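Shown next, in structure tokens, is the structure this report addresses.
The values are calculated or read from the model by the stated rules, or taken from the named source; none is laboratory data. These numbers come from a predicted model, not from an experiment. As a convention, Cβ positions derive from the backbone with ideal geometry for all residues, glycine included, and neighbour counts pool all protein chains shown. Only protein heavy atoms, including side chains, enter the accessible area calculation; ligands, DNA and RNA are left aside. Shrake-Rupley method; radii C 1.70, N 1.55, O 1.52, S 1.80 Å.
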Amino acid sequence: MSQLIELEQAVNVRELGGYQTKYGRLIKEKKLIRSAAISDLTKADQVKLAEYGVNQVVDFRSLAESRAQPDQAIEGAKEVFLPIFQEDETMVSLSPESLKKRLDDGEDAEEQMKKVYRHFVESPYACKQYRQFFDHIIENAPSTGATLFHCTAGKDRTGFGAFLLLHVLGVDGDTIKQDYLATNRYLGPMLKAKFEPMAKDLGDDLLNAISVLMRAEESFLDESLATIETRYGSVDHYIEKGLGLRKEEQAYLVAHLTQ
């Protein structure tokens with residue numbers, strides 16, 4: 001199956017169904033969808049997602065991001081505002097002007113991204129929010145509908161959420177990383193179209209920083225994994241003790257979201 005859900009005005013919208021798990025099962029289709037922002041959905045996009053079965057939307061963006069670009073509603077879908085960070089630490093929502101100022105002030109895009117991936121694990125607030133994310137997935141699991149979860153690029157906050165979900169459902173680490181890195185394939189054409197016309201005006205340093213911020217890198221996810229290893233010893237222990245997701249809750253998700 002093709003995991004990309006093609007829409008007119010949203011990118012990186014992907015089905016997590018179809019992945020094989022270590023339990024000899026497959027993740028069910030039309031249950032879990034990861035996405036970039038859905039603020040520009042056309043009417044046709046809204047209808048397509050409603051017909052696809054989306055009945056819950058979880059927005060990981062900050063309040064400022066969601067106010068600036070509100071989600072387009074999907075008929076029949078419950079909206080859940082669940083910011084992973086109180087401000088957008090990923091910097092992907094910054095204008096080129098604001099990003100340039102941050103770089104001029106000495107910030108390094110790659111180091112900032114690695115810091116973000118450490119914060120997913122270290123921040124009590126982020127841990128609490130990801131725990132609530134699982135609560136919403138658990139609540140919706142018995143329904144016939146799908147949960148769509150997203151941030152701005154569908155890359156970092158969404159990527160880490162997908163990593164957690166896929167791990168709990170029993171997908172192997174290599175497959176999880178390939179799902180994470182697939183963002184580059186689906187965001188690339190949109191980024192090229194958006195920034196290529198500005199290339200002369202932006203300058204090489206700014207273009208390089210934008211490229212780093214809008215790319216999924218294995219080294220970023222490895223930063224999270226190293227932090228988990230240091231603090232918790234294993235991903236399983238982090239999910240159970242750091243997020244507080246009990247074994248029976250994990251088994252419930254496996255039972256309802258795989259077949």
(request) Give, as ranges by residue number, the residues of region 1-36 whose backbone N falls under 11 Å from the point 7 Å along Cα→Cβ of Thr42. (result) 7-10
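So what's the projected area for the chain, the Cα convex hull averaged over all directions, in nm²? Spell out each step's value before the answer.
Working: hull surface 52.8 nm².
Mean projected area for the chain: 13.2 nm², to one decimal.
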(message) Based on alpha-carbon centroids, what's the gap between region 224-256 and region 1-56 in Å, whole number please?
(response) 25
(request) Keeping all protein chains in position, work out how much accessible area Met214 exposes to a 1.4 Å probe, and write it in Å² to the nearest 10. (result) 30
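Calculate the dipole size of the chain relative to its Cα centre from +1 charges on Lys and Arg beta carbons and -1 charges on Asp and Glu beta carbons; express the result in debye to the nearest 20.
Numbers: 32 positive and 42 negative charges, 145 e Å.
Result for the chain is approximately 700 debye, rounded to the nearest 20.
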(request) Name the most mobile residue of Thr144, Thr175, Thr158, meaning the one with the largest mean-square fluctuation, in a Gaussian network model of the chain with Cα contacts below 10 Å. (result) Thr144
(request) Grab the DSSP H runs of the chain that are 4 residues or longer, score each as -39,500 (n - 2.57), total them, divide by all residues and round the 222 nm result to the nearest 500 deg cm²/dmol. (result) -15000 deg cm²/dmol
(request) At 1.4 Å probe size, with no ligands or nucleic acids counted, give the accessible surface of Glu79 in Å², nearest ten. (result) 90
(message) Given the options Gln112, Leu181, Phe220, identify the residue whose Cα lies farthest towards the positive end of the charge dipole of the chain (+1 on Cβ of Lys, Arg; -1 on Cβ of Asp, Glu).
(response) Leu181
(message) Per 0.36 nm of contour for each residue apart, how much would the distance between Lys78 and Gln178 grow if the chain were fully extended, relative to their Cα-Cα spacing?
(response) 33.0 nm
